[in-house]
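Novice: Handing you this structure, nothing more for now.
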Amino acid sequence: MAVTAAMVKELRDRSGAGMSACKEALTEANGDMERSIEILREKGLAAAAKKAGRVAAEGLVHVVVADNLKSAAIVEVNSETDFVAKNKDFIDYVVQVAELALKSDKTTVEDFLTEPWATGGTVQDALTQKIATIGENIGIRRFVRLNTTENGVIVKYIHGGGRVAVVLELESTVSNETLIEAGRNLCMQIAAMSPLFVARANVPEDYIAKEKEILIQQAINEGRPANIAEKVVEGRLTKNLVAICLLEQDYVKDDSMTCAKYLESIGKQIGSTVTVKNFIRYETGEGIEKKVEDFAEEVSKAMGN
């Protein structure tokens, strides 16, 4: 498979490695993006990749939580420019999309576009009209609804005017302002530290096996014998898992404790065990490639043009 400049750019954005290293990795992997990231990591040239790449599109993410704190919807609506994303008309539209997503029973964007819109027609009709009014292409990219149980509460946090949004589900037999505030604090933690899982127990075994495989190869590439490499990687693996698991992370407001210890302290205050059941983090433009003129010359040079 031919390696294109766009592929090199995407790999650079996702891995942080140099252009030449990205080109070599893509060539070795025959254009397979995920394998290219693994190759870069094995060579110690890239950190563990997140679920999605760098922010590379404009628009907004938004969360709406029901008054009873039992359900919520998180959405992303993209625009072509940051200028439009700051437009009040666009912002109001995104809020309307989120409010409808909360009420809808649809699970895909394709089906959601057929839902009736408040002022008539469908969601698709309203989107088409909004594109005509704003004069720029916009699109509803994704949405998720979150529902909780009788003892659950859902909390939200929106950062940077809609660049990052987090929705968090907590479970506790006591629900009060102290619990809600703790939820907001953990939402801010999630926004800042981008965990992938709630706790170590939630990390799939195949994910751990792949991480271990990459770290062993990385150690071998550093010159360690294979039998020693396997022992060396245990510490690195533990460190990596701490970084991607919310409850194992140091609590950003007080790094003398982990998020798990913070929740324990909240539980003692309110007289109930507090459990994180789920969280969803959206960042505007995750994984969407966007043309960046600043890199054009560097990409061209890396491709040998």
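Novice: Students often forget the sequence filter, so: which aspartates and glutamates lie under 18 Å Cα-Cα from Lys130 once same-chain residues fewer than 8 apart are removed?
Specialist: Glu58, Glu76, Glu80, Asp82, Asp89, Asp92, Glu99, Glu110, Glu115
Novice: State the three equivalent ellipsoid semi-axes of the stretch 170-244, derived from the C-alpha gyration tensor as the square roots of 5 times its eigenvalues, in descending order and whole Å.
Specialist: After diagonalising the Cα gyration tensor, the semi-axes are 37, 12, 9 Å.
Novice: Among the GluC sites (Glu not before Pro) in the stretch 106-183, which ones are in a DSSP loop with at most 11 other Cβ atoms within 10 Å of the Cβ? Mind listing them?
Specialist: Glu150
Novice: Return the ratio Rg/(2.2 N^0.38 Å) for the stretch 9-136, where Rg is computed over Cα atoms only.
Specialist: Against the empirical 2.2 N^0.38 Å value, I get 1.41 for the stretch 9-136.
Novice: Where only protein heavy atoms count, and the probe is 1.4 Å, what is the accessible area per residue for the stretch 197-278 in Å²?
Specialist: So the stretch 197-278 comes to 57 Å² accessible per residue, rounded to a whole number.
Novice: Given [x] 24; [y] 19; [z] 15 as candidate values of percent of Cα pairs over 38 Å apart, which corresponds to the one derived from the coordinates?
Specialist: [x]
Novice: Can you tell me the Rg and the Dmax, both Å, for the Cα atoms in the stretch 78-143?
Specialist: Computed over the Cα atoms of the stretch 78-143, radius of gyration and Dmax are 11.4, 32 Å.
Novice: How large is the convex hull of the C-alpha atoms of the stretch 208-265 per residue, in Å³?
Specialist: Convex hull volume per residue, Cα atoms: 91 Å³.
Novice: If you don't mind, another one. Could you name the aspartates and glutamates whose alpha carbon sits less than 12 Å from that of Lys277, not counting residues in the same chain fewer than 8 places away?
Specialist: Glu169, Glu171
Novice: Return the subset of Lys23/Lys210; Lys156/Lys253; Lys212/Lys239; Lys239/Lys261; Lys9/Lys88; Lys212/Lys261 for which the Cα-Cα distance in this structure is over 21 Å, preserving the input order.
Specialist: Lys23/Lys210; Lys9/Lys88; Lys212/Lys261
The values are calculated or read from the model by the stated rules, or taken from the named source; none is laboratory data. Being a predicted model, the structure only gives us computed values, none of them experimental. Counting neighbours? That spans all protein chains shown, and the Cβs are built from the backbone with ideal geometry, glycine included. SASA here: full protein model, heavy atoms, side chains in, ligands and nucleic acids out. Shrake-Rupley method; radii C 1.70, N 1.55, O 1.52, S 1.80 Å.
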